[in-house]
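Quick notes on the structure that follows.
Read-outs throughout are calculated quantities, based only on the coordinates presented, and are distinct from any laboratory measurement. Just so you know, these numbers come straight off a predicted model, no measurement behind them. All Cβ positions, even for glycine, are placed from backbone atoms using ideal geometry, and neighbour counts span all protein chains on display.
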């Protein structure tokens, strides 16, 4: 049994290397060089002082942020084993007696903005990762640099176009490839470290602190570049539910962490031996002997593709959660693996990311220029996570105030320098992820507010169920054979689709089911809590199905399971009725006119509930209803 547990944990650790650590694992391609360049590296003066400081900052960022914050502390802040910002929000919202409405609104604001920031990260990560890898061709010949942008474009096109086929097959190779990648990182670093062992002194925090104080305010700019070494930390937290805390800690401490540390030390040793490499080439690629350069470029490209794949998958997963919690319109979700409903493909999101990635590649033109745009979304997301974690530790876990605040202050001090450093490059590209985040936050806030306004408008025309029950008992309504399921956003009153149907057809089916699908503030709903059934009168039922925000709903099968022996409904005889609202912006809803128009536009993009829940299209009837919002 112990052997089985060990092998299972080892397999999960291998998978975590392929899915989780791709982003942070490809940072050595550009992180140290960009930190030195933006610090004004001068190869003619004291090189050791210039190199020791950034390596110290990178090492302690990996130690304090990736290892201490995310893997040792934050990995315990999960909801049913699931991590990520939505999991933190669900933990806070579950403590209903602990926070007032304004505080909860603040938590929601932080979460939505943090989620919006991830989209900026998802656009930049594939672009900068692939560019930095392909730029290694410049080490072979300067003339090859003109092919970097076309090759990067082709790689990104192929990467995004194969998403619709799913990642199950190619995902099997992710772990072994990343194991090889980390072994190469560590091996190259150790080889160079052997020549200049004095670089080990840079692991002392003294050099990092001294470096920042020596540079004064410019130290903030440097921290914005050091941040590049810890991009991907949020992925560690978000993917805990997929692999488990133990497997992710093993993958990090046994391989990723030592390999990254050795590689940065090796780059530093190389720069001590040849300072010109910072300005004239790539310290990462120059570590390799000439015979290994082409294989290293190929391996780096594979690693960056894997890193990009992990980010794309993460954006799909986050979008699904946002949709099911009601923060985004219902978008098309394709399940690419019938055996694993968690593997999904979202075409609209995929092509939005593809267009933005290609635009970034051709607009910025190089990984060095794109590095200025990178970082803000990562840094701000980390900071918001720390804020939410403080409230979880203090109010949900009931830690003493000092115990909760001390580590968070440490995190916030470091993360605020990351944010400030990223914003110092605002006009050089840092504006991009900020604009993306603000736009997406406006979309999510407008969608949630608009749904509330629309819900209030629908409630005004809603009749109590007892009204129809009385009419049925008095035989005032004609009943026809068959079963009708009326979709209803609320579990109270009669849905407008039923009233509309009754008004025009003057009859009801023999069996009537009012169906409400709810998504709870937790990742998964236990099977025993999946549904509740209430019988209003003979052959008239109300069914409520519940799902977690990380689950893919199986509405039709669960509906039949809920009704069980109560009815003898046959699957192919059911008709689903769904209202299709025609929205007018001249109502009394408390929203600005431009936001009402934006909501109307978003509602046109949204899939009908029946389509989103993958109900048989031949058994769905939509009824148009005009509403003023």
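For this structure, a couple of remarks:
- Cα shape, region 457-628, gyration tensor, a/c 1.5 rule: oblate
- Spherically averaged projected area in nm², based on the convex hull that wraps the Cα atoms of the chain: 31.2
- Between 0 and 90°, nearest 10: helix 496-505 axis offset from the chain longest Cα axis: 40
- Förster radius 41 Å - calculated FRET efficiency between residue 253 and residue 42, Cβ distance, rounded to 0.05: 0.65
- Whole-number percent relative contact order across region 457-628, with pairs defined as alpha carbons under 8 Å at least 6 apart: 23
- Using C-alpha pairs under 8 Å with a sequence gap of at least 6, the mean separation divided by the residue count of the chain gives a relative contact order of 20 percent.
- Part-to-part distance (alpha-carbon centres) for region 536-590 and region 274-319, which is given in Å: 49
- Against the chain, whose longest principal axis comes from its Cα atoms, helix 593-605 is set at around 90 degrees.
- Based on C-alpha pairs under 8 angstrom that are at least 6 apart in sequence, region 480-520 has a relative contact order of 59 percent.
- In degrees, nearest ten, helix 174-195 long axis to first principal axis of the chain (Cα): 20
- Where both bridge residues fall in the chain, DSSP classifies roughly 25% of the beta bridges as antiparallel.
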